[in-house]
Amino acid sequence: MKALSISGPGVTPYEVVIGRGLLAQASSQITPYLAAPRIAVVSDATVAELQGAGVLRSLTEAGIRADLLTVPAGEASKSMATLTDLLDRLLDLGLDRRSTVLALGGGVVGDLAGLASALFMRGIAVIQAPTTLLAQVDSSVGGKTAVDAPRGKNLIGVFHHPRRVLADLDVLATLPDRQMRAGAAEILKAAMLADADFFAWLEGHVEAVLGHEPAALEDAIARAVAIKAGIVAEDPTEQGRRALLNLGHTFAHAIEVEAGFEDDSVLHGEAVALGCVLAYRLAERLGRVSPKDVRRVERLMGVAGLPTEIESLGLFEADALLARMGGDKKAEGGVPVLILPQGIGDAEVVRDVPVGDIRAVLRGA
Ligand code: GLY
């Protein structure tokens, strides 16, 4: 078991615990962090079926009053309508300001339940129990919460840090391979933007990570979380350096919005993987990375079973994607602001990328 501390200006320090059996002993992991023995467990229908009863039992046996609230699985639940409904249900349960929300699920549940807990009675505690690899290495850590708007991902949200994050490796055993690969995309992203040694390690170990080898999996999660912890500590509210964590995300969000949120035809991690490849190709055009670096990135994505070509995710018009990129949160006056790599293990925010170069990369030129 590993524990990493997250802190920073304005952040009440909290731990990300990575290990096995954390949800089986949910009450001992959670009880010390409660203001009162009252919890709403927010989950999606799929995760609730697998984990809900066990978590509720552990909490109830410890004398905690716990109720399970579910939302439909999938990105479509990250909506204002679902958020409003969830807040109503928290009120119906009679939760008060000393109650805690336990977000039990992937990134959708974490972002939605995190935002609900931030808004409920002006803010109650949330504990994140991420059940996908992607949520364990990225979305559960760092306090970002959000729902999507029809015109863009994560456009409505606040920063609300959790009291604790429980990244239980056991829950990944039932995660579909496609979801494991999507989660690996955020691990690869962390290495690409901040840690060349970690990238080299992944070139030799990504198959072990995807194959659930316990030591490799725990190391990969801990190293990705440590990178994020370091960046969040410097810039918790994304005034500068934290934007680097969005490597590949401007492309990714455009693809996700164009693909639509109705089904999971494109998973966030798949879009991020492709977005990182596109960011490297763009950086190569701009002379920021070598062709060799781009090939290394493409090769590692390929070994991880992640997309490296737009067509593998669907048919997208380059100009439609460009227009979406101009509507991204980071855009300034409709002009995309991009995170571009500088070799492997370093990246920076770039504001003046010629639109023609972005279009060329989107067209595969
Ligand atoms: N997922 C990027 C961040 O948390 O800042």
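Looking across segment 128-149 at every residue that is more than 13 Å from the ligand (Cβ to nearest atom) and out of contact with any helix residue (DSSP H, G or I) (no Cβ under 6 Å at 6 or more places or on another chain), the one that is modelled with the highest pLDDT is identified as A129. The C-beta contact set for segment 170-186 (first residue modelled with pLDDT under 95, second residue not hydroxyl-bearing (S, T, Y), distance under 6 angstrom, 6+ apart or interchain) comprises T174/L50. It is to be established whether one or more residues within segment 159-171 are within 15 Å of the chain's Cα centre (by Cα) and away from the ligand (no atom under 16 Å from the Cβ). Yes, segment 159-171 contains a residue that is within 15 Å of the chain's Cα centre (by Cα) and away from the ligand (no atom under 16 Å from the Cβ). Counting only residues that are farther than 29 Å from V361 by Cα, touching a Gly at 6+ places or on another chain (Cβ under 9 Å) and surrounded by fewer than 23 Cβ atoms within 10 Å (Cβ to Cβ), segment 218-251 holds 7 of them.
Could you tell me whether segment 92-111 includes any residue that is surrounded by fewer than 16 Cβ atoms within 10 Å (Cβ to Cβ), free of Cβ contacts under 8 Å to residues at least 12 places away in the same chain and at positive phi? Yes: one or more hits. The one condition from (1) without any contact (Cβ under 8 Å) to a residue 12 or more places away in the chain; (2) of a type in the set (K, R); (3) in contact with a helix residue (DSSP H, G or I) (Cβ under 8 Å, 6 or more places away or on another chain) that R281 does not meet is (1). Of the set (1) farther than 18 Å from E309 by Cβ; (2) more than 12 Å from the ligand (Cβ to nearest atom); (3) in contact with a Phe, Trp or Tyr (Cβ under 8 Å, 6 or more places away or on another chain), all apply to L274 but (1).
Looking only at segment 273-286, decide whether some residue is aromatic (F, W, Y) and more than 21 Å from G364 (Cβ to Cβ).
no
Here I344 does not fit the description of being part of a helix (DSSP H, G or I) and surrounded by 15 or more Cβ atoms within 10 Å (Cβ to Cβ). The residues listed here are R281, R288; of these, the one that is out of contact with any Pro (no Cβ under 8 Å at 6 or more places or on another chain) and of a type in the set (K, R) is R281.
Working only within segment 27-42, note down all residues that are touching a helix residue (DSSP H, G or I) at 6+ places or on another chain (Cβ under 6 Å) and either modelled with pLDDT under 95 or of a type outside the set (A, V, I, L, M, F, W, C) (or both). Result: S27, single match. Kindly establish whether E49 is of a type in the set (D, E), part of a strand (DSSP E or B) and under 22 Å from D111 (Cβ atoms). The answer is no for E49.
Being touching a residue at least 40 places away in the same chain (Cβ under 8 Å), over 15 Å from the mean Cα position of the chain (by Cα) and away from the ligand (no atom under 12 Å from the Cβ) is the requirement here; does G152 meet it? Yes: the conditions hold for G152.
Condition first: in contact with a Ser or Thr (Cβ under 7 Å, 6 or more places away or on another chain) and acidic (D, E). Now tell me which residues in segment 57-103 satisfy that.
Correct list: E61 only.
The values are calculated or read from the model by the stated rules, or taken from the named source; none is laboratory data. In this text, all values refer to a predicted model and were calculated from it rather than measured experimentally. Because the Cβ atoms are built from the backbone with ideal geometry, glycine has one as well, and the counts that use them run over all protein chains shown.
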